[in-house]
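Note sheet for the following structure.
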2 protein chains.
Amino acid sequence: MITGKNYIGSQLLASGDKTFKTFNPQLNIENPWQFTEATADEIKLAATVANKAFLSFQKCTGKEKALFLRTIAEEILALGDSLLDVYCQESGLPRGRAEGERGRTIGQLNAFADLVAEGSWVEATIDTAIPDRVPLPKVDIRKMMRPLGTVVVFGSSNFPFAYSTAGGDTASALAAGCPVIVKSHPMHAGTSEMVASAVVKAAQKTNMPEGVFSNLNSSGIEVGVQLVQDPLVKAVGFTGSIKGGRALYDLAAKRPEPIPVFAEMGSINPVVILPEVLKQNSEKWAGACAGSVTLGAGQFCTNPGLILAVKDENLKVFTEQLASEILKIAPSCMLNPSIHLNYKVNNQELSSQIGVQVVAAYDESENPNYALQKILTVSGKDFLENPVLHKEVFGPFSIVVQCENESELVAIINKLEGQLTGTILAEDNEIDNFESVVDALGNRVGRIIFNGMPTGVEVCPAMVHGGPYPSSSDSRFTAVGIDSIKRWVRPFSYQNWPDAQLPEALQNENPLGISRLVNNVQTNNPV
Amino acid sequence: MITGKNYIGSQLLASGDKTFKTFNPQLNIENPWQFTEATADEIKLAATVANKAFLSFQKCTGKEKALFLRTIAEEILALGDSLLDVYCQESGLPRGRAEGERGRTIGQLNAFADLVAEGSWVEATIDTAIPDRVPLPKVDIRKMMRPLGTVVVFGSSNFPFAYSTAGGDTASALAAGCPVIVKSHPMHAGTSEMVASAVVKAAQKTNMPEGVFSNLNSSGIEVGVQLVQDPLVKAVGFTGSIKGGRALYDLAAKRPEPIPVFAEMGSINPVVILPEVLKQNSEKWAGACAGSVTLGAGQFCTNPGLILAVKDENLKVFTEQLASEILKIAPSCMLNPSIHLNYKVNNQELSSQIGVQVVAAYDESENPNYALQKILTVSGKDFLENPVLHKEVFGPFSIVVQCENESELVAIINKLEGQLTGTILAEDNEIDNFESVVDALGNRVGRIIFNGMPTGVEVCPAMVHGGPYPSSSDSRFTAVGIDSIKRWVRPFSYQNWPDAQLPEALQNENPLGISRLVNNVQTNNPV
């Protein structure tokens, strides 16, 4: 079922001679399949067929695109257990997670299908003519969103389904009317090929243009570099490290025609614990933090890697409770030995910084690829002065920072890089007294959480998954939720355009029955 | 009334020693006022006070910001004729234009005041909790737009009011809740200082935080470079040349924390004339094109610099009519001798390319700074092969390209760089037969016009002023109309946040009475 070839549209090609295999971290062995990297010619071909597909794909109706997306979901489900098996073999993640993530992926595809089938997402805006206006007549102007063109999606390491081949970036780009070229993640190239086969089958079943989707294998950086530089590519979606995301951003910015890159990158997701909650509910939150830090071996972009509080006796107790709770949790497998190695190196680097104390360190496991959780503690002063301690450690790891006082706490928040999330743990009304903390945190993050944990990213219209740099490369967009479609579209105006030649979304009669802003009034009525 | 100093917040400072003067192109003499360039310390101070102002300005209510914007409009009007005099002295533009542009500027300020006073623009989105959802409870998540931080606005040369100091970029940024630092255009530094005085006065009258607005003088590039590189600056608005806009974009992209730059740059605004209209209405459109090419001495970003048609006898007639019509129009003054010199050099460069014929050239004028209009013609083949002919010539200049056939016409459109506008002149139903032309043009532009001229950019919700690179640096936004506020904001989520501590826009009771998306239904009702 896995050929190891590249999907260039519906064609399976493998003319190159560079090959690689994926790895099973639970069994600590290579997987059997051999993948052939896409060649320069194959990459060029994928961009060419995608660009050709764009001419007709951009004109598909919302209902046609919805059918395509729903059929992708069905075809993924139709792959059944064999897909879940490959997912587990390539990621070391447990079966339950595989099923849950497949469910989330299906849910995302269907949510975008609903969005485009309904149709109001195009933000249709109509200002009708006023021919007798003085001093100048007003012409008729109508606006709606229009797709940018071919989007390149880089699969993430930690979500082989939900943020990879047919994940949120792909679903939102296809919904927008943009062809997609996936650069599959080398750690789960087999999962990607299987999901790609579902997308290709769905495209054929629903009569989508050839080339609307491609899936390219790559174990190094060359394929991605060529894709981002291809003049036919018009936008990029990426989920991964700051180093990787920034490199793509830089490449895209240097093009003769720069293109937007939405990169969702690093975040240490600060959790601020206010004094009253430390006093009254320390144990509850120590347990919650221990669970959140170790969830999925800490391999979530919203993993709480930083816990901030003003130091007092209660913080000492909390830290001991956190240490105790986290050591009760059995370690679990990381996605790949290379990720595990990075975890060990980074965790060691931070542990050895001046002023840092290790308060909990799990010290053995049954499998060499299992991540051993660790909790450090450090003073506010040492944390403030040492940028190494601000680095993300991808894994089940967190630092408790003991701040001298509220103003040091605020100074620390102000010095943090941009984050996906910030959390405040507080008793009722306690935050009224910590306005400066809440204000500072709000300016550094994309989502602020009250009395909860940052892990768990609900897919819903109000979700923002993104934030100030470097948590994302453009804080003006979200990577999760239906508004993530806005990354791949641009507004477009028709002036004085004949009604019959307008897209249906802008025609007087409103044949789609969508909500539109007509002469400054939001309405579903015809003009 | 003009001091020549920099406004750093409400302070007038001029500690530097680099000075410059503006120029009156109608009289061909320097203006009397001497301007002192902002120093590195002054620039740093402007960024520091703006950043401090941001902490409180971002919390102003929509009604407070609206009052600020309306008061700016009033204070600009209160400057009366003396402001119009300086505008004319620094731009060479006629009095009627000054009044009209002032009206447009006032209109923009009031439109943004209306927008933020009403309040629904924040896109409030509420997904309420489902505590008993299985397998996992759903938490309450609420989203709204939030300002990015300090915005630097570069004044444009060709709109001393509407796209400069208190123009569209400044009005939209202030409406969003972002402090603004204007780098005034050196050609109209006096106009800018006067308008800045109105903004500063309005800020004081309406109790806005000190530092919410600054206006810096600069005749070179240093001030702008330092501003774009300042870590406290979070976004940039620019209207001007491709060279200038790209330089700022590159600087912003290279920062440790890259920031968004919305640059509205060059465009040659192709006008496609279909065969039937050439046959039936040639004279009418020749007159309209002549008027549009010469309007404002051709100093509009939507000036039609390229006319495309399939060659036949009627195109020959049209070209003769255009030549004849354009020579009937009296030349007018350009903004500055340096712009006039550029016009002469660029126009000469294009006129001397292989295959180019000059069909109309005005050959004398009463003033050395008046632009002499010119029309060239060239074959489709020569145009396609010569990128020099694709360059924008800022001034009253256009090229008529004689295409061999429809497919060459489409090939030319596909080869054009991104444009602000594209125009189709056609008889009724004629465009039905030119789908490939319309499709190609749509993919290259931000606004497509039927039987009209691209000059004249209506300020209304459905307007898109922007387009694929290099007409703008990010086609996902517009520089004109209320949606231009979206350039300066980012979505922000509150998860499980206590109702009383939420911004009013997201509170259950909907105290602002705005339109919100609540559990996927757009409504003004409370939750």
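The values are calculated or read from the model by the stated rules, or taken from the named source; none is laboratory data. Quick caveat, the model's predicted, so the values are computed rather than measured. Cβ: placed from backbone, ideal geometry, glycine included. Neighbour counts: every protein chain shown. The accessibility values were calculated without ligands, DNA or RNA, using every heavy atom of the protein model including side chains. Shrake-Rupley method; radii C 1.70, N 1.55, O 1.52, S 1.80 Å.
Quick check on my filter: what residues within the stretch A:128-149 are in contact with a helix residue (DSSP H, G or I) (Cβ under 7 Å, 6 or more places away or on another chain) and in a strand (DSSP E or B)? If the condition is that a residue be in contact with a helix residue (DSSP H, G or I) (Cβ under 7 Å, 6 or more places away or on another chain) and in a strand (DSSP E or B), then A:ARG142, A:MET144, A:MET145, A:PRO147 are the ones that fit.
Filtering the stretch A:208-229 to residues that are in contact (Cβ under 8 Å) with a residue 60 or more places away in the chain and over 20 Å from A:SER15 (Cβ atoms) leaves A:MET208, A:PRO209, A:VAL212, A:VAL228.
Does B:LEU84 fit the bill of being surrounded by fewer than 15 Cβ atoms within 10 Å (Cβ to Cβ), in contact with a helix residue (DSSP H, G or I) (Cβ under 7 Å, 6 or more places away or on another chain) and not in a strand (DSSP E or B)? Lay out the reasoning, then the answer.
On the way: surrounded by fewer than 15 Cβ atoms within 10 Å (Cβ to Cβ): no; in contact with a helix residue (DSSP H, G or I) (Cβ under 7 Å, 6 or more places away or on another chain): yes; not in a strand (DSSP E or B): yes.
For B:LEU84, the condition - surrounded by fewer than 15 Cβ atoms within 10 Å (Cβ to Cβ), in contact with a helix residue (DSSP H, G or I) (Cβ under 7 Å, 6 or more places away or on another chain) and not in a strand (DSSP E or B) - is not met.
Residue selection: B:ASN429 fails the criterion of being farther than 27 Å from B:VAL358 by Cβ, more than 11 Å from every other protein chain (Cβ to nearest Cβ) and open to solvent by 30 Å² or more (accessible area, probe 1.4 Å). Checking A:VAL134, A:VAL122 one by one, the residue that is open to solvent by 50 Å² or more (accessible area, probe 1.4 Å), more than 9 Å from every other protein chain (Cβ to nearest Cβ) and not small (Gly, Ala, Ser) is A:VAL134 and no other.
In the stretch B:439-454, the residue that is farthest from B:LYS243 (Cα to Cα) out of those that are more than 8 Å from chain A (Cβ to nearest Cβ) and open to solvent by 20 Å² or more (accessible area, probe 1.4 Å) is B:MET453.
In the stretch B:466-480, which residue that is open to solvent by less than 10 Å² (accessible area, probe 1.4 Å) and within 9 Å of chain A (Cβ to nearest Cβ) is nearest to B:LYS391 (Cα to Cα)? Ranking the candidates gives B:PRO470 first.
What number of residues within the stretch B:316-343 are part of a helix (DSSP H, G or I) and in contact with a helix residue (DSSP H, G or I) (Cβ under 6 Å, 6 or more places away or on another chain)?
Residues of the stretch B:316-343 part of a helix (DSSP H, G or I): B:316-327, B:337-343.
Within this subset, residues satisfying the condition of being in contact with a helix residue (DSSP H, G or I) (Cβ under 6 Å, 6 or more places away or on another chain) are B:317-318, B:321-322, B:325-326.
Number of matching residues: 6.
Condition test on A:SER214, is it buried (at least 24 other Cβ atoms within 10 Å of the Cβ), of a type in the set (Gly, Ala, Ser), touching a strand residue (DSSP E or B) at 6+ places or on another chain (Cβ under 8 Å) and in a loop (DSSP other than H, G, I, E, B)? Judged against the criteria, A:SER214 is not a match.
Residues of the stretch A:47-81 that are open to solvent by less than 60 Å² (accessible area, probe 1.4 Å) and free of Cβ contacts under 8 Å to residues at least 24 places away in the same chain: A:GLY80 alone.
Residue pairs whose Cβ atoms lie under 7 Å apart, separated by 6 or more positions or on different chains, with the first residue in the stretch A:91-118 and free of Cβ contacts under 8 Å to residues at least 24 places away in the same chain and the second open to solvent by less than 30 Å² (accessible area, probe 1.4 Å) and among the aliphatic types (A, V, I, L, M), are A:ARG95/A:LEU84; A:GLU99/A:LEU84. Among all positions in the stretch B:93-105, there is at least one residue which is crowded, with 23+ Cβ neighbours inside 10 Å and of a type in the set (Val, Ile, Thr). Taken over the stretch A:360-380, the residue count meeting the criterion of being among the hydroxyl-bearing types (Ser, Thr, Tyr) and open to solvent by less than 20 Å² (accessible area, probe 1.4 Å) is 1.
For the stretch B:232-251, the tally of residues that are surrounded by fewer than 23 Cβ atoms within 10 Å (Cβ to Cβ), within 11 Å of another protein chain (Cβ to nearest Cβ) and either outside any helix (DSSP H, G or I) or in contact with a strand residue (DSSP E or B) (Cβ under 8 Å, 6 or more places away or on another chain) (or both) stands at 1.
Looking at B:ASP474, B:ASP432, B:ASP428, which is the one that is touching a residue at least 40 places away in the same chain (Cβ under 8 Å) and closer than 30 Å to A:VAL518 by Cβ?
On the way: B:ASP432 fails: touching a residue at least 40 places away in the same chain (Cβ under 8 Å); B:ASP428 fails: touching a residue at least 40 places away in the same chain (Cβ under 8 Å).
None of the other options fit; the residue is B:ASP474.
Please work out if B:VAL152 is more than 10 Å from chain A (Cβ to nearest Cβ), modelled with pLDDT of 95 or more, in a strand (DSSP E or B) and out of contact with any Phe, Trp or Tyr (no Cβ under 7 Å at 6 or more places or on another chain). Break it down stepwise before answering.
Values: more than 10 Å from chain A (Cβ to nearest Cβ): yes; modelled with pLDDT of 95 or more: yes; in a strand (DSSP E or B): yes; out of contact with any Phe, Trp or Tyr (no Cβ under 7 Å at 6 or more places or on another chain): yes.
Judged against the criteria, B:VAL152 is a match.
Considering (1) within 10 Å of chain B (Cβ to nearest Cβ); (2) within 30 Å of A:MET334 (Cβ to Cβ); (3) not acidic (Asp, Glu), the lone condition that A:PRO461 does not fulfil carries the number (2).
If the requirement is being more than 14 Å from chain B (Cβ to nearest Cβ), out of contact with any helix residue (DSSP H, G or I) (no Cβ under 7 Å at 6 or more places or on another chain) and not β-branched (Val, Ile, Thr), which of these qualifies: A:ASN269, A:ASN281? Please lay out each step first, then the result.
Numbers: A:ASN269 fails: more than 14 Å from chain B (Cβ to nearest Cβ).
Answer to the check: A:ASN281.
The set of residues in the stretch B:477-500 being more than 26 Å from B:ASP250 (Cα to Cα) and touching a residue at least 24 places away in the same chain (Cβ under 8 Å) consists of B:ILE482, B:PHE492, B:SER493, B:TYR494, B:GLN495, B:ASN496, B:TRP497.
For the stretch A:255-302, the set of residues classified as on the phi > 0 side of the Ramachandran plot, in contact with a strand residue (DSSP E or B) (Cβ under 6 Å, 6 or more places away or on another chain) and surrounded by fewer than 24 Cβ atoms within 10 Å (Cβ to Cβ) is empty.
Of the residues making up the stretch B:14-28, not a single one is small (Gly, Ala, Ser), touching a Pro at 6+ places or on another chain (Cβ under 9 Å) and farther than 30 Å from B:ASN367 by Cβ.
Looking at A:LYS284, A:LYS243, A:LYS234, just one residue is without any contact (Cβ under 8 Å) to a residue 12 or more places away in the chain and under 30 Å from B:LYS254 (Cβ atoms), and that residue is A:LYS243.
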